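Undergrad: Structure in structure tokens, see below.
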């Protein structure tokens, strides 16, 4: 990347009180399910914006619930687009802003562009547009909220659905124990585009999430943020436990938090604890327990699969630790 | 239609939703209502940050959080995540 500049070392500092007093640009009154994880994610993202921002969003749960005519939940310019082309749309907005700045039609120094998509719009359908936009090096932040399936259309499997999860298109039964394939390593694919900023976050660690959003906006050039957002409806969990699963996904090393700045990968504080003292990491069964989509894994005949999943998680974690040492 | 049709230059750029969703109250969705002990609240704001609805408001003057029951959907995240466990979910009596 020739156009990008390194991120400044002084991090955006704020307290919980500052964050709570920041305006909510994702309004109340949206029609997400009770206990929706992605809704919290959007609220946190909008609290972390730094000024004039344009949001473009692919079809998905969060687009539907926030824009049912005649109501809108967005307190900033927001543009809906189809599943396939949210990244292409963001590229166009960014290019238009640049052109208008050149001609003096826009006075603001910087206008941030955020592209939002779910895992369907990123992993599967919108992937080629994302890859293209990253390659062209547009200055935008792509945020993926990953609830591990097509929850809006009735909980079908997606490229993000983990092994063993039961969905309506991979139902667990006598033939197969849920989804057989692995989760697509999307962040690694995005990293291979050699972009400046890639990070993972989860809403339980909201401060970490907000700082990462701000970093992604500040950087010149494309940035990518992968946010893990539990879905109580699709995962068949209790609405009250949404954030508990968000925390457990980090505690069990299933979804480690890390960021790549200027090509160097580093673990974020919530995950760093498990690097320093590995005995604190919890077994994956703690995370699977209570999730209806993994219920069949606790049957005696599936014990082997559960062991395999634990082994795969450990392997992934060790691989990540190595990647953090040698960028 | 013919004769009165607008040219594309007069049309709006895109379909626009004219009302903010804050006009749409989702408070009647809930089964359980959060009840909390105001005295014991330490104001850590974990509930306010993790609420999906933005229904928990920080009252800086009082140093306490306040619930906006117009939007609260009664999911119970606040009760589950409260660090001092002063929020509980209760079912209001039908007679009231």
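Undergrad: Restrict the check to segment B:23-32 and report whether at least one residue is within 23 Å of residue A:206 (Cα to Cα), within 11 Å of chain A (Cβ to nearest Cβ) and in a loop (DSSP other than H, G, I, E, B).
TA: Within segment B:23-32 (the criterion being within 23 Å of residue A:206 (Cα to Cα), within 11 Å of chain A (Cβ to nearest Cβ) and in a loop (DSSP other than H, G, I, E, B)), the answer is no, since none of the residues qualifies.
Undergrad: Here is a list: A:149, A:178, A:132, A:173. Which entry is surrounded by fewer than 22 Cβ atoms within 10 Å (Cβ to Cβ), touching a helix residue (DSSP H, G or I) at 6+ places or on another chain (Cβ under 9 Å) and under 30 Å from residue A:307 (Cβ atoms)?
TA: A:173
Undergrad: Which of the residues belonging to segment A:99-127 are free of Cβ contacts under 8 Å to residues at least 40 places away in the same chain and out of contact with any helix residue (DSSP H, G or I) (no Cβ under 9 Å at 6 or more places or on another chain)?
TA: Of everything in segment A:99-127, those that are free of Cβ contacts under 8 Å to residues at least 40 places away in the same chain and out of contact with any helix residue (DSSP H, G or I) (no Cβ under 9 Å at 6 or more places or on another chain) turn out to be A:99, A:100, A:101, A:102, A:103, A:104, A:124.
Undergrad: For segment B:55-88, name all the residues that are within 20 Å of residue A:247 (Cα to Cα), within 8 Å of chain A (Cβ to nearest Cβ) and assigned to a loop (DSSP other than H, G, I, E, B).
TA: Within segment B:55-88, B:75, B:76 qualify.
Undergrad: Taking segment A:225-236 only, how many residues are over 15 Å from the mean Cα position of the chain (by Cα) and buried (at least 22 other Cβ atoms within 10 Å of the Cβ)?
TA: The total comes to 3.
Undergrad: Now a separate question. Name every residue in segment A:262-305 that is outside any helix (DSSP H, G or I) and buried (at least 17 other Cβ atoms within 10 Å of the Cβ), in order of residue number.
TA: Listed by number, the residues that qualify are A:265, A:267, A:268, A:281, A:291.
Undergrad: Go through segment A:69-97 and give me each residue that's outside any loop (DSSP other than H, G, I, E, B) and either more than 12 Å from chain B (Cβ to nearest Cβ) or within 19 Å of residue A:107 (Cα to Cα) (or both).
TA: Selection gives A:86, A:87, A:88, A:90, A:91, A:92, A:93, A:94, A:95, A:96, A:97.
Undergrad: For the subset of segment B:34-54 comprising residues that are more than 9 Å from chain A (Cβ to nearest Cβ), assigned to a loop (DSSP other than H, G, I, E, B) and touching a residue at least 40 places away in the same chain (Cβ under 8 Å), which member is surrounded by the most Cβ atoms within 10 Å (Cβ to Cβ)?
TA: Within segment B:34-54, the match that is surrounded by the most Cβ atoms within 10 Å (Cβ to Cβ) is B:41.
Undergrad: Okay, next question. What do you reckon, is residue A:116 within 14 Å of chain B (Cβ to nearest Cβ), under 26 Å from residue A:138 (Cβ atoms) and surrounded by 15 or more Cβ atoms within 10 Å (Cβ to Cβ)? First the steps, then the outcome.
TA: On the way: within 14 Å of chain B (Cβ to nearest Cβ): no; under 26 Å from residue A:138 (Cβ atoms): yes; surrounded by 15 or more Cβ atoms within 10 Å (Cβ to Cβ): yes.
So residue A:116 does not fit the description; no.
Read-outs throughout are calculated quantities, based only on the coordinates presented, and are distinct from any laboratory measurement. Remember, predicted model here, so these are calculated numbers, not experimental data. Because the Cβ atoms are built from the backbone with ideal geometry, glycine has one as well, and the counts that use them run over all protein chains shown.
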